[in-house]
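The values are calculated or read from the model by the stated rules, or taken from the named source; none is laboratory data. Please read these numbers as outputs of a predicted model, since none were measured by experiment. Accessible surface areas use protein heavy atoms only, side chains included; no ligands, DNA or RNA. Shrake-Rupley method; radii C 1.70, N 1.55, O 1.52, S 1.80 Å.
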Amino acid sequence: MTSSDMDYLTIALPKGKLFAPSADMLAKVGCTAEDLSENSRKLVITNEKEKLRFIITKTADLPTYVEYGAADIGIIGKDVLLEENKDVYELLDLKFGLCRMMVAVPEALQQEKLSDYAHMRVATKFPAIAERFFHSMGIQMEFIKLNGSIELAPMVGLAEIIVDIVETGRTLKANKLIEVATIQPVTARFIANRVSFKMKFDRIHRITEGLKALLESEVGK
């Protein structure tokens, strides 16, 4: 890190659903910048007075920015952390953005046991998570990585099973899919670069403690 890097704390925020609650929570502990917006044309948004820099990245890229020290800290969903498996510190479960990673099949294919789906094709945005889950159950599968609407795969015969994130399950129902297993709940996490955590410990610790206090006050309400 250069001396000018040491002066600033760089915070990575994810595009999409987690951006607004992440920015809001950080603002409550004094981490904000003028014109901080998901739609900003600026690639780096700076608060010179507080020596803060914000970068807004695609969700899948965010742990990489933090792992390599391009960002000191960031907020990202546990699903992305599990899939990307980057070497970062996970400091806090921020409790918002609650979803669940699950396995679903078309209603017509529903079986009695998960092992009855062995040797089928699984469509997912999260092949690493899906493979670990089925491997832990001793079930062999073929995994197909997709980036778009996973629910389409069983409808057109690309795969029999999907592994995806769901919030309410309404999309599953609309597409005649049934959840047959929950892999794990998923929430937003506060993460830090390992070197930054040591070199900028006071600042990161202060933000972490502020976020903890916020979470505790929410529980008390």
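Provide, for q = 0.20, 0.21, 0.22 Å⁻¹, the log10 of I(q)/I(0) from a solvent-free Debye sum over equal Cα point scatterers in segment 101-221.
These q points yield log10 I(q)/I(0) values of -0.99, -1.07, -1.17.
What does the accessible area per residue of segment 61-140 come to in Å², with a 1.4 Å probe and no ligands, DNA or RNA counted? List each step's numbers first, then the result.
Values: 3880 Å² over 80 residues.
I get 48 Å² per residue for segment 61-140.
Pairs on different chains or at least eight residues apart, Cα atoms closer than 21 Å: how many lysine pairs in segment 14-82 fit?
Within segment 14-82, the lysine pair count is 13.
Using only the Cα atoms, work out Rg/Rh for segment 3-71, with Rh taken as the Kirkwood radius, to two decimals. Walk me through the numbers before you get to the answer.
Details: Rg = 11.4 Å, Rh = 12.2 Å.
So for segment 3-71, dividing Rg by the Kirkwood Rh gives 0.93.
Divide by every residue of the chain the summed helix terms, -39500 (n - 2.57) for each DSSP H run of at least 4, and state the resulting mean residue ellipticity at 222 nm, rounded to the nearest 500 deg cm²/dmol.
Values: 9 runs with 72 residues, N = 221.
Helix contribution divided over all residues of the chain: -8500 deg cm²/dmol.
Determine the equivalent ellipsoid of the chain by diagonalising the alpha-carbon gyration tensor, then write out the semi-axes as square roots of 5 times the eigenvalues, largest first, rounded to whole Å. Could you put the intermediate results ahead of the total?
Details: eigenvalues 279, 58, 51 Å².
After scaling each eigenvalue by five and taking roots: 37, 17, 16 Å.
Taking N as the number of residues in segment 51-120, what value does Rg over Cα atoms divided by 2.2 N^0.38 Å take? Don't skip to the end; give the middle numbers.
On the way: Rg = 17.5 Å, N = 70, 2.2 N^0.38 = 11.1 Å.
Its radius of gyration relative to the 2.2 N^0.38 Å reference: 1.58.
Over segment 110-221, with every protein chain in place, what whole percent of the accessible area is carbon and sulfur at 1.4 Å, could you tell me? Spell out each step's value before the answer.
Numbers: 3350 of 6440 Å².
Solvent-exposed carbon and sulfur of segment 110-221 make up 52 percent of the total.
GNM, the chain, Cα, under 10 Å: largest mean-square fluctuation among Ile55, Ile129, Ile139?
Result for the chain, Cα springs under 10 Å: Ile139 fluctuates most.
Using only Cα atoms, locate the centre of segment 170-221 and the centre of segment 50-79, then give the distance between them in Å, rounded to an integer.
Computed from Cα coordinates, the inter-centre distance equals 14 Å.
Report for the chain the percent antiparallel among DSSP-assigned beta bridges with both residues inside it, nearest 5.
On the way: 26 of 41 bridges.
In the chain, DSSP labels about 65 percent of beta bridges as antiparallel.
Over segment 155-208, what lengths in whole Å, largest first, do the semi-axes of the equivalent ellipsoid take, defined as the square roots of 5 times the eigenvalues of the alpha-carbon gyration tensor? Let's see the in-between values first.
Working: eigenvalues 333, 32, 15 Å².
Values for segment 155-208, descending: 41, 13, 9 Å.
Can you list the HN-Hα couplings for segment 61-74, worked out from phi with the Karplus curve (6.51, -1.76, 1.60; θ = phi - 60°), rounded to whole Hz and with x for Gly and Pro?
Using θ = phi - 60°, the values come out as 8, 4, x, 5, 4, 6, 4, 8, x, 5, 10, 7, 9, x Hz.
Through the Karplus equation 6.51 cos²θ - 1.76 cosθ + 1.60, θ set to phi - 60°, convert the phi angles of segment 102-111 into ³J(HN,Hα) values in whole Hz; use x for Gly and Pro.
Coupling constants for segment 102-111: 9, 10, 9, 9, x, 3, 5, 9, 4, 10 Hz.
Once amide H atoms are built 1.01 Å from N in the peptide plane, which residues 5 or more positions from Ala181, or in another chain, come under 5 Å H to H?
Amide H to amide H, under 5 Å and 5 or more residues apart or across chains, Ala181 pairs with Val103.
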